[in-house]
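First comes the structure, then the notes that go with it.
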Amino acid sequence: MNLKTAALAIVSLSHCSTGFTNISTNISTNINANTNAYHRISSRCSPSKSSKRSSSSRRSSNRRSHSSSSSLQMGTGNSFGRIFRISTWGESHGGGVGVTLDGCPPRIKLTRDEIQIDLDRRRPGQSRITTPRNEADAVEILSGVTSEGITTGTPIAMLVRNKDQRSGDYLENDMSVAYRPSHADATYDAKYGVRAIAGGGRSSARETIGRVAAGAIARKVLKQYNDIEILGYVSKVQDIACDVDDDTFTIEDVDANIVRCPDQDAAVKMLARIDEIRKAGNSIGGVVTCVARNVPAGLGSPVFDKLEADLAKACMSIPAAKGFESGDGFDGTLLSGKEHNDEFYIDPQTGATRTVTNRSGGIQGGISNGENIVVHVAFKPTSTIGQVQKTVTRDGREVELRGKGRHDPCVLPRAVPMVEAMVALTLVDALMMQQAQCDLFPNEGTVDERPNPMGVTAVREGGPKMVTDGNADNDADGNDGVVAATNDGPISQQIDEE
């Protein structure tokens, strides 16, 4: 609660009969105490009808007079991003779902088909291991793009209409009153005191349509800026892992099978395990790995806006996500510092600073270092299963429940484009933040005054740094006495850190 909101709330309660009539006069000198007092008052007071009318009148007047300074952004928890910002809306069994994207750069060529590609990879009914709900998920662009397919810089609104919802699967049986174990049913009810029973409402994975649609635009911006490529794949199903080269796999490798694992041998084993679980009326989880290539160095900010922290929030906001790792993650705890550190070297072709290994996952100190960004997102088994489970009803009775309706036995194949979208949205936002702060005034120092460029796509002006060895030895290349900077031996450092 900010100062003005607290002040308005306290003023509106100043006529309560508990003796706190003059509390509003102390706001300017002790806002914290008054905020606490407001909470005490609101729980104890029962204003008369006249007080209610008077308070309501004052609140309406105050809201009008202060609307410009204390207005709220779209509802709590429905928006993501700072400059490149999305707000998703809609529910699984409502009329449709969608997104409003604000902050997209103008003059970007964009077609509906480019967005539809990603939505088709996310949509239900793709295969026997996804929910059989049959939705085309055809996107409609409502604003922000000209008839010629050019972004205008104004908010882009996109809508996908629901066509194949079956609310009766939820409303005409025990699922209308009983909570599904480990589902958001109970916590939504505890928070709001009401919930959308059919389809799970906002807790449904159908909400991610808006993210994926906006993520497709983010992907386009990143590609145009620095040929940045974002690719995800299923790297683990339960204990079945795969062997994939994160530097070379392609989207064709990923989509070559319905599991979306580029290791075809591992994909066969994963599919067999999913089928086994599906036929038993159960569900299964695993891990999605996402790689962002050609990301420039410098994205992310210390200390609370570290890039991996932003990526973690983005990916953990996806339904069923339960874990996040950056780079080697938890496996890195098994190594020593010498083993885990990514040693630097100078690329002999570009002269850029590179790392021999990439255990950091392309992020060091919360800032991208120009290497591939690699993250891993763990997804739990789907909550709704076809086996009997013990649970309780809304009114506090213990019952047994068997899930009905159409649900994914494994969310992983459809989670791949969701993770890709959230990574893309995070990186575009971080890129625009970097442009706004650090690239507003270009560093005009000489090549030697500026930090040596870092990363896969970075190139040092003039190539690798050269030094003079003092010997006019008539080199064959004609650069007498000029050689590439090489290892001069260990450099001693005295470190004094907390």
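Among the residues of region 445-458, is there at least one that is among the hydroxyl-bearing types (Ser, Thr, Tyr), assigned to a loop (DSSP other than H, G, I, E, B) and either within 27 Å of THR88 (Cα to Cα) or touching a residue at least 40 places away in the same chain (Cβ under 8 Å) (or both)?
Yes.
If ASP169 meets every condition in (1) open to solvent by 30 Å² or more (accessible area, probe 1.4 Å); (2) modelled with pLDDT under 90; (3) touching an Asp or Glu at 6+ places or on another chain (Cβ under 8 Å) apart from one, which number is that one?
Here ASP169 clears every test but (3).
Looking only at region 204-220, decide whether some residue is open to solvent by 30 Å² or more (accessible area, probe 1.4 Å), at pLDDT below 95, among the small types (Gly, Ala, Ser) and out of contact with any helix residue (DSSP H, G or I) (no Cβ under 6 Å at 6 or more places or on another chain).
Yes; the residues of region 204-220 include at least one that is open to solvent by 30 Å² or more (accessible area, probe 1.4 Å), at pLDDT below 95, among the small types (Gly, Ala, Ser) and out of contact with any helix residue (DSSP H, G or I) (no Cβ under 6 Å at 6 or more places or on another chain).
Considering only residues of region 305-319 that are at pLDDT 95 or above and assigned to a loop (DSSP other than H, G, I, E, B), which is nearest to VAL388 (Cα to Cα)?
ILE318
Condition check ((1) charged (D, E, K, R); (2) touching a residue at least 12 places away in the same chain (Cβ under 8 Å); (3) within 27 Å of VAL295 (Cβ to Cβ)) across all residues:
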position	(1), (2), (3)
GLY193	no, no, no
ILE217	no, yes, yes
VAL234	no, yes, yes
ASP247	yes, yes, yes
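From the list VAL295, VAL254, exactly one residue is buried (at least 18 other Cβ atoms within 10 Å of the Cβ), modelled with pLDDT of 95 or more, of a type in the set (Val, Ile, Thr) and within 16 Å of VAL411 (Cα to Cα). Which is it?
It is VAL254.
Quick one: ALA424 ticks every box in (1) at pLDDT below 95; (2) within 27 Å of SER87 (Cβ to Cβ); (3) of a type outside the set (Val, Ile, Thr) except a single one, so which number is it?
Against the list (1) at pLDDT below 95; (2) within 27 Å of SER87 (Cβ to Cβ); (3) of a type outside the set (Val, Ile, Thr), ALA424 comes up short only on (1).
Looking at the structure I just gave you, is GLN264 touching a residue at least 40 places away in the same chain (Cβ under 8 Å), farther than 15 Å from ALA292 by Cβ and surrounded by fewer than 20 Cβ atoms within 10 Å (Cβ to Cβ)?
No: the conditions fail for GLN264.
Quick one: GLU343 ticks every box in (1) touching a residue at least 60 places away in the same chain (Cβ under 8 Å); (2) surrounded by fewer than 20 Cβ atoms within 10 Å (Cβ to Cβ) except a single one, so which number is it?
(1)
Only one of (1) open to solvent by less than 70 Å² (accessible area, probe 1.4 Å); (2) under 26 Å from the mean Cα position of the chain (by Cα); (3) not aromatic (Phe, Trp, Tyr) is not met by GLN437, so which one is it?
(1)
For GLN389, are the conditions met, namely being more than 30 Å from VAL291 (Cα to Cα) and at pLDDT 90 or above?
So GLN389 passes the test.
Can you find, within region 440-465, the residue that is farthest from THR350 (Cα to Cα) among those that are loosely packed, with under 10 Cβ neighbours inside 10 Å and of a type in the set (Gly, Ala, Ser)?
GLY445
With the structure loaded, tell me whether CYS290 is buried (at least 18 other Cβ atoms within 10 Å of the Cβ), under 13 Å from the mean Cα position of the chain (by Cα) and assigned to a strand (DSSP E or B) or whether it fails that test.
So CYS290 passes the test.
Go through region 347-404 and report how many residues are free of Cβ contacts under 8 Å to residues at least 60 places away in the same chain, of a type in the set (A, V, I, L, M) and under 30 Å from LYS279 (Cβ atoms).
Residues meeting the conditions: 1.
Name the pairs: first residue in region 303-322 and open to solvent by less than 10 Å² (accessible area, probe 1.4 Å), second residue of a type outside the set (D, E, K, R) and part of a loop (DSSP other than H, G, I, E, B), Cβ to Cβ under 6 Å, at least 6 apart or on different chains?
Sorted first by the residue in region 303-322, then by its partner, the pairs are LEU307/LEU299; LEU307/GLY300; LEU307/GLY366.
On the basis of being on the phi > 0 side of the Ramachandran plot and part of a loop (DSSP other than H, G, I, E, B), does GLY153 make the cut?
Judged against the criteria, GLY153 is a match.
The values are calculated or read from the model by the stated rules, or taken from the named source; none is laboratory data. What you see is a predicted model; the values in this text were computed from it and never measured. In this analysis, Cβ positions are derived from the backbone assuming ideal geometry, glycine residues included, and neighbour counts consider all displayed protein chains. For the accessible areas, the whole protein counts, side chains as well, though only heavy atoms, and no ligand, DNA or RNA atoms are used. Shrake-Rupley method; radii C 1.70, N 1.55, O 1.52, S 1.80 Å.
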